[in-house]
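Visitor: A single structure is presented below for examination.
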Amino acid sequence: MSTDQVATNPEAYYRHVSPQLLARVRQLWSARGLDLDLAWRVAVRQARGFLPFRLESPPQDSRPADLLLLFDQAAIWIHGLQVGVGGAWRLASAGRTTALSGDQLRGLLAILVRLREEIAAVRVLAVTGLPTPAMQIMRSISEDVDMALVVLLRPKVARQFAECRTPEAAGEFWKRHVAGGRAFRAVAEQLYRVGLDYSAHSSYARWRREVQVLLGAAVHTSYVGAGGSGADVTNCLYFATLRLQELCIYSLMLGQALRTDLAAALATADAAEVPIVRVALEGGEIVLDQMRWLTAADDPAGTVSSPAPAPSSG
């Protein structure tokens, strides 16, 4: 296979992936008329530090490759969202009316830029077998997902976020709105209103606390370390993928204004951006299907209880 062929063929980078999962991914993208090869090349292959997934010999099962494929699928949607929100922010900056406030769009864009960097870093560390630093970054990914949803749902918080101009102000904002699970609780309240129980005593909240313990063990050095095994890499990718999928599903479920602004961004996007913004606007059902695939199985490492089933698209 030539270099050019490999560069445009995602399958070449996911050896030992489940054939059923790969076929399903292709089918879902094709059914919606979305260009998987182009989106994958722009969002994954061209990301900083990209490395292919290699195994010395065929694994016992396809789970590691499956998780990396799903992680990259979520990363593609995040990239599309960043491009779409960037387009909406340009409209707002030009004086055009947008459904989300300028502060919401600017804050969401800033978080998405940071998320893209964190995604690239976690991918490199996971592929190279460095689970402990990967899980350290995962703490930031999880908080940024919650923060992105809070900015999307609460204009006043978005305005306060946009007003932070010094490290001290940013630190104070983080303590007031994010630290100690505050952002997550704010999002959980909104999810409860649409019928999803993510309260403090729900099975999902208990699972999330268990994961946070693992992530904390990765940050704080001790004899009971969290790193050093393939199972930890699997745990890291599992949680990272689920959190990115949640950002997709819940932002579109709770944020009709976001859909409106993405549609406006699509209508004014240039030719290169159109297929990428379409992924964010029209690819939510793909991510939802993959979230169901991910959560249908038991926890990959057998140490963390699986979260609640993914919500329906209705």
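Visitor: How large is ³J(HN,Hα) for each residue in region 35-40, as worked out from phi by the Karplus curve 6.51 cos²θ - 1.76 cosθ + 1.60 (θ = phi - 60°), to whole Hz, x for Gly and Pro?
Guide: 8, 5, 4, 5, 4, 5
Visitor: Then there is this: Per the Debye formula with a single identical scatterer at each Cα and no solvent contribution, what log10 I(q)/I(0) holds for region 51-195 at q = 0.10, 0.13, 0.14, 0.17 Å⁻¹?
Guide: Computed log10 I(q)/I(0) values: -0.43, -0.69, -0.78, -1.04.
Visitor: Here's something else I'd like to know. I'd like the FRET efficiency for Ser140 and Ser199, computed as 1/(1 + (r/R0)^6) with the beta carbon distance as r and R0 of 35 Å, rounded to 0.05.
Guide: 0.90
Visitor: Could I ask something else about it? Need the full-extension length gain, Asp270 to Ala94, defined as separation in residues times 0.36 nm minus the C-alpha distance. One decimal, nm.
Guide: Values: separation 176, 0.36 × 176 = 63.36 nm, distance 1.63 nm.
Gain on extension, Asp270 to Ala94, equals 61.7 nm.
Visitor: Can you give the extra length, in nm with one decimal, that the chain gains between Trp174 and Asp37 once fully stretched, where that is 0.36 nm per residue apart less the Cα-Cα distance?
Guide: Values: separation 137, 0.36 × 137 = 49.32 nm, distance 3.79 nm.
Length gained, Trp174 through Asp37: 45.5 nm.
Visitor: Right, something else. Of Thr234, Thr128, Thr241, Thr98, how do they rank once you tally other Cβ atoms within 10 Å and put the fewest first?
Guide: Thr128, Thr98, Thr234, Thr241
Read-outs: derived from the displayed coordinates by stated rules, not from any lab. Source: prediction; values computed, not measured. In this analysis, Cβ positions are derived from the backbone assuming ideal geometry, glycine residues included, and neighbour counts consider all displayed protein chains.
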